[in-house]
Amino acid sequence: MAQAAQQTRYRVEGMDCASCATKIDTAVRRMPGVADVSVSVTAGTMTVHHDDTSDLTAIAKKVGGLGYSATALAANTNEQTRPESHPHDHDDDDHSRGDHAGHDHAKHDHAGHDHSAAKHEEIEGLHGHDHSPSTGPWWKSKKGQLTIASGAALVVAYGVGKLFPAIEAYAFLAAMLVGLVPIAKRAIMAALAGTPFSIEMLMTIGAVGAIFIGAGEEAATVVFLFLIGELLEGVAAGKARASIQSLTALVPKTALLEENGKTREVPAESLTVNAVILVRPGDRIPADGIIVSGESDIDEAPVTGESTPVRKGVDAKVFAGTVNSDAALRIRVTATAADNTIARVVKLVEEAQESKAPTERFIDRFSRYYTPGVVVVAALVAIIPPVLLGAAWSEWVYKGLAILLIGCPCALVISTPAAIAASLSSGARRGLLLKGGAVLENLGKITAVAFDKTGTLTESKPKVTDVLTFDHPETDILKIAAALETGSSHPLATAILAKAKESNIDIPAMTNGKAIGGKGITATVEGQHVFLGSPQAANDLVNLMPDQHKRIADLNDEGKTVSVLLVGDAVAGAIAMRDEPRADAIEGLKALTDAGIKTVMLTGDNTRTANAIGKTLGIDVRAELLPEAKLQIVSKLQKQGFIVAQVGDGINDAPALAAADVGIAMGGGTDVALETADAAALHGRVGDVAAMIDLSKRTMGNIRQNIGLALGMKAVFLVTTIIGLTGLWPAILADTGATVLVTLNALRLLGTKSA
């Protein structure tokens, strides 16, 4: 076989249980050119890895032959451009070297991922089967209508039996066939496609066998109960699917596009990158973008769950589906509708649901032997007592048929993927993106977490922390410094300008501005020659006094970058800035240490700055690290027996993210980090790491409950059937009832809330 270098995703309608996925997987895997198949019941998708010899239309028809409808999904190829980072005009020896100067973490827009909401390419002739699309009211689906018809036929059969006892058996036979014929058809198609021991086949054998031993009334009832169970499974699976798909409803259908000085309403899906749109107060934002004019509170709760609106102005990022609260905004679109944040989240979760966890793979392998084993046990129960002990054939064939129905593996097989799908959806709605069941399972095993500093434990947005007044008042120092920094987008300049704005300072104009490489900037402000730059550069121009040196050194020891302002020949003052820890960093790290998890900071920043932040946060520090050194420390922790998660947002974190047992990218991170990582915390909260680990532990506990429930109910009904306490219809309840209970238990994870 040629190398499988391609993959095609399909939307598969009608899947509602694990046996559906198994049948599709087995059938498609046998097709020419197919190397691997991943099927997700809850996402309703299938990914086929294949080579050039594969017939994609034939694959879709094969799925259609099993009673489902398959629709190919087109891959998105949109490319986004990334804004450049900006250099700064002055530097502060070693204090700004690691923490501020040369930052490359600004304005990352997550572009370039293939996380789009794919477009449908309809494949004709695949509809009209027993399985129907899982959208819309259940009673309008073909499965719902079949269940209603089977129930009505059963009621009629009971009535006919009471009125005409002589034809009662034929009435129940007819009622049974109403529901059984479509089931038997699916069983035969599955057997021909390579799945002889499907739930439908066991059901068909059980029902037909019951007719032959004179249990026609029970056979018709069992078929009806089976259909109810399948219908409930479909409704439950649809709820899990709708939980994440409902995010797409948050994006408005139309947008106000600005063109040639005029505004017109257009479909939101028609917006292109770099288009400018107007968003009025109270409207939902129709696309991911960057604010080009205006300032407003943005309610991000529908998308991120954040309860407090966020104030955003020019150059701030906004996301599709969030609500503009109080002022008109003009926004430049950065992603098409197929590639906005919500579409990428939905796509990523669907892809993740196709990735099986180790526990799920084990259960799948177990069920391949379990189901044939059940058939053998049922046959032995039906045959051995009559042959060897002279027992009544009708009694033991009846018990054998009941065991056949009890042994259906549906509840067992769905126990893991249902819980994982619910957790992935729940996590995504809270901004916790996990790339598959294996990642979700491994997170619960984490014993050490390594954090990058800048942009991960800190905001990556320096703030003015201190203003030292030597010869001028604080207001004058900020006014002159802001005049010098006007027009610069360097993080330090932005911090000074933000502080001046916060203090309501009118910024004067500057003239004759000139940058002095590696030292600072000079200009004329209000008729005075001024300089703003590093302490060393300032000292070269005007000798600083010993007390001034000491105050600056004390600030440096706190991890702060200090810029000194000279006015004429006098030292006017100094401004200290620091990239402050995230608001939840201390609490988030405490949650991890309280859980017995080791934490460590790995940063390329200078030791003095890193130690200052580390002391504030109470975390071990490893500083002045190159990317390969971060990787080496992660590997060393692993050799010491730790299960390690690496958390970062920059390109230099990518090697460590890849080497860690679980790599977690923070929300503002670069595309390289997001692609390399196994998970992403979209909101950039340190506490989200502990939330991911907690979600993993909850999920694994739920899976254990599900497996115990599935096997426990089967064990109880197996014993009661053999000793004669229960029969066929309780047997089918043991299977479909357990499946529904397992699914509903898994859906409890959809309600998991962040702390």
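No lab work stands behind these numbers, since they all come straight from the coordinates. For clarity, every value in this text was computed on a predicted model and none was experimentally measured. Cβ atoms come from the backbone with ideal geometry, glycine included; neighbour counts cover every protein chain shown.
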Karplus (6.51, -1.76, 1.60) ³J(HN,Hα), θ = phi - 60°, over segment 200-215, in Hz, Gly and Pro reported as x: 5, 5, 4, 5, 5, 4, x, 5, 5, x, 5, 4, 5, 9, x, 10
Whichever lysines have a C-alpha closer than 21 Å to that of Lys514, once near sequence neighbours (fewer than 8 apart) are set aside: Lys479
Built amide H within the under 5 Å cut-off of Thr45, gap 5+: Val12, Ser40
Partner lysines for Lys142 [C-alpha distance under 21 Å; skip if fewer than 8 residues away on the same chain]: Lys23, Lys61, Lys62, Lys185, Lys239
Segment 252-339: projected area of the alpha-carbon convex hull, averaged over directions, in nm²: 5.0
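Counting other Cβ atoms within 10 Å of each Cβ, which trypsin sites (Lys or Arg not before Pro) in segment 684-755 have at most 14 and sit in a DSSP loop?
On the way: sites: Arg685, Lys697, Arg698, Arg704, Lys714, Arg748, Lys753; in loops: Arg685, Lys753.
Sparse-neighbourhood loop trypsin sites (Lys or Arg not before Pro): Lys753.
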Reference-scaled alpha-carbon Rg (2.2 N^0.38 Å with N residues) for segment 524-603: 1.62
Sites Lys697 and Leu389 - FRET efficiency at Förster radius 35 Å, r taken between beta-carbons, to 0.05: 0.10
For Lys598, residues with placed amide H under 5 Å, excluding near neighbours: Ala448, Val449
Rounded, prolate or oblate (a/c below 1.5 giving rounded, otherwise prolate when a/b exceeds b/c) for segment 391-509 by Cα gyration tensor: prolate
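In square nanometres and to one decimal, what's the mean projected area of the convex hull around the Cα atoms of segment 463-578? Walk me through the numbers on the way to the answer.
Values: hull surface 25.6 nm².
So the mean shadow area of the Cα hull is 6.4 nm².
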Asp283 long-range amide H proximity, modeled H, under 5 Å: Asn324
Mean Cβ neighbour count within 10 Å, used as a protection proxy, ranking 367-373, 212-218 highest first: 212-218, 367-373
Gyration tensor (alpha-carbon) shape descriptor, segment 142-198, a/c threshold 1.5: oblate
Given Lys143/Lys347; Lys461/Lys501; Lys453/Lys519; Lys461/Lys499; Lys453/Lys697, the pairs whose alpha carbons are separated by over 19 Å: Lys143/Lys347; Lys453/Lys519; Lys453/Lys697
